[in-house]
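Below is one structure; the comments refer to it alone.
The values are calculated or read from the model by the stated rules, or taken from the named source; none is laboratory data. Since the structure is predicted, the reported quantities are computational estimates derived from the model, not experimental observations. So basically every Cβ, Gly included, is an ideal-geometry build from the backbone, and we count neighbours across all protein chains shown. Heads up: the accessible areas ignore ligands, DNA and RNA and are worked out on the full protein's heavy atoms, side chains in. Shrake-Rupley method; radii C 1.70, N 1.55, O 1.52, S 1.80 Å.
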Amino acid sequence: MDWDVIVANLPLLWRGLGTSLRLTAIAIALSFPLGCLIAIGRLSHRAWLSGFCAGFVNVLRSNPLILILFWFYFLMPIIIGRGINDLGSLIVTFMVFFSAYFAEIVRSGIQSVGTRQMQAGLSSGLTHAQTMRHIIMPQAIRAMLPALTTQCIIVFQGTTVAYIIGYDELLHSASMAAERTVRPVELYLTVAVIYFLVCYAGSLVARQFEKRTYS
Amino acid sequence: MTPPIIRIRDVRLAFDHFVALDGVSLDVHVGQCAVICGPSGSGKSSLLRCINGLERFQGGDVLFDGVSVRECKDLPKLRLNIGMVFQHFELYPHMTVLENIMLAPMK
């Protein structure tokens, strides 16, 4: 084992980690609001809207992330007749794919509060929007926080599919260094440790939320 | 004699094929104490929910102080004048006692 190769490639790995974290932040920032809208649509009384949103969620959850990336990276340029850059494809893929998972978390969180709380709010003179804001959402967010934190960890792990299209996230950076130095064991072990540290820190945060929620 | 504060006329409420209320009529005057009793599942709570517009009934109408609940455009305002206590107390667990009491009047 030659661990000097890690020291030599640390700036490259550090840059890769930064890219992975940036991709994660962008993916969450875009997919969570979209997921909230889809969740509200799924709970709508309008059959066409809830049906459309349910279809969206089921199609996305029944396909692997890598296939969705292929759609946007390889098929979409053929359909629209012009190329999409790597980052654009990745962002759209992550936004669409992870919004389906966030939608299910938000939907189950809202439903966990129960219809009687909604009726209590409405009967005391609040509008539907006020009831959602002051009564349903504060309780729902508390219930969904552990699942949301776990989903954020999954988004971080999901950014590794960017490797497939040669985008310089953490895994791709390590792979390039491994090919150049012919030291794959040291580099892939180091990358595994970095992923573990980030994800474990996230899971500790999720556990804290869980403790607070169920205490 | 003053007109009834609550006037229920031929209210019909169905959940898919199950008819919960079938042509219910009732007048309640100011100061009057009315008791609605019946076996479990006979539609007592459904009738109360119809009075403040929590259920969308399919037939008939409920007039509260002369205002049609069915056609009312501002149900939240109408509901401010109707006090309702649920069978299972629906307190808001994330709020203090004071916040529970103050929420609707403050909004």
Evaluation of residue B:65 against (1) touching a residue at least 12 places away in the same chain (Cβ under 8 Å); (2) open to solvent by 90 Å² or more (accessible area, probe 1.4 Å); (3) farther than 26 Å from residue B:15 by Cβ; (4) within 11 Å of chain A (Cβ to nearest Cβ) (one fails), failing number: (4)
Residue A:29, sole failed condition from (1) under 22 Å from residue A:154 (Cβ atoms); (2) touching a helix residue (DSSP H, G or I) at 6+ places or on another chain (Cβ under 7 Å): (2)
Meets criteria (away from chain A (no Cβ under 12 Å) and out of contact with any Phe, Trp or Tyr (no Cβ under 7 Å at 6 or more places or on another chain)) for residue B:58: yes
Matching residues in segment A:164-190 - criterion: being within 22 Å of residue A:66 (Cα to Cα), touching an Asp or Glu at 6+ places or on another chain (Cβ under 8 Å) and either open to solvent by 80 Å² or more (accessible area, probe 1.4 Å) or in a loop (DSSP other than H, G, I, E, B) (or both): A:166, A:167
Residues satisfying the stated conditions in segment A:2-42, i.e. open to solvent by 20 Å² or more (accessible area, probe 1.4 Å), among the hydrophobic types (A, V, I, L, M, F, W, C) and within 18 Å of the chain's Cα centre (by Cα): A:17, A:21, A:25, A:26, A:28, A:29, A:30, A:32, A:34, A:36, A:37
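Here's the yes/no breakdown for (1) over 13 Å from the mean Cα position of the chain (by Cα); (2) more than 21 Å from residue A:113 (Cβ to Cβ); (3) of a type in the set (D, E, K, R); (4) not in a helix (DSSP H, G or I):
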position: B:46; (1), (2), (3), (4): no, yes, no, no
position: B:50; (1), (2), (3), (4): no, yes, no, no
position: B:57; (1), (2), (3), (4): no, yes, no, yes
position: B:82; (1), (2), (3), (4): no, yes, no, yes
position: B:93; (1), (2), (3), (4): yes, no, no, yes
position: B:101; (1), (2), (3), (4): yes, no, no, no
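Just the residues that are β-branched (Val, Ile, Thr) and away from every other protein chain (no Cβ under 14 Å), please, taken from segment A:132-163.
So in segment A:132-163, the residues β-branched (Val, Ile, Thr) come out as A:135-136, A:141, A:149-150, A:153-155, A:159-161.
Hits for segment A:132-163 are A:149, A:150, A:153, A:154, A:155, A:159, A:160, A:161.
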Failed condition for residue B:84, given (1) more than 14 Å from chain A (Cβ to nearest Cβ); (2) surrounded by fewer than 18 Cβ atoms within 10 Å (Cβ to Cβ): (1)
Top-ranked residue of segment A:1-44 - restricted to ones that are in contact with a Cys (Cβ under 9 Å, 6 or more places away or on another chain) and part of a loop (DSSP other than H, G, I, E, B), ranked as farthest from residue A:99 (Cα to Cα): A:44
Identity of the residue in segment A:84-130, under 30 Å from residue A:27 (Cβ atoms), in a helix (DSSP H, G or I) and without any contact (Cβ under 8 Å) to a residue 12 or more places away in the chain, that ends up nearest to the chain's Cα centre (by Cα): A:88
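Taking the condition of being polar (S, T, N, Q) and either more than 10 Å from every other protein chain (Cβ to nearest Cβ) or open to solvent by 50 Å² or more (accessible area, probe 1.4 Å) (or both), how many residues in segment A:116-129 meet it?
Summing the residues that are polar (S, T, N, Q) and either more than 10 Å from every other protein chain (Cβ to nearest Cβ) or open to solvent by 50 Å² or more (accessible area, probe 1.4 Å) (or both) in segment A:116-129 gives 1.
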Residue that is most open to solvent (accessible area, probe 1.4 Å) [pool: residues in segment B:68-80 that are at the interface with chain A (Cβ under 7 Å from one of its Cβ atoms) and either in a loop (DSSP other than H, G, I, E, B) or under 23 Å from residue B:33 (Cβ atoms) (or both)]: B:80
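Let's see how each residue does on (1) open to solvent by 40 Å² or more (accessible area, probe 1.4 Å); (2) over 30 Å from residue B:73 (Cβ atoms):
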{"position": "A:110", "(1), (2)": "no, no"}
{"position": "A:137", "(1), (2)": "yes, no"}
{"position": "A:145", "(1), (2)": "yes, yes"}
{"position": "A:158", "(1), (2)": "no, yes"}
{"position": "A:162", "(1), (2)": "no, yes"}
{"position": "A:192", "(1), (2)": "yes, yes"}
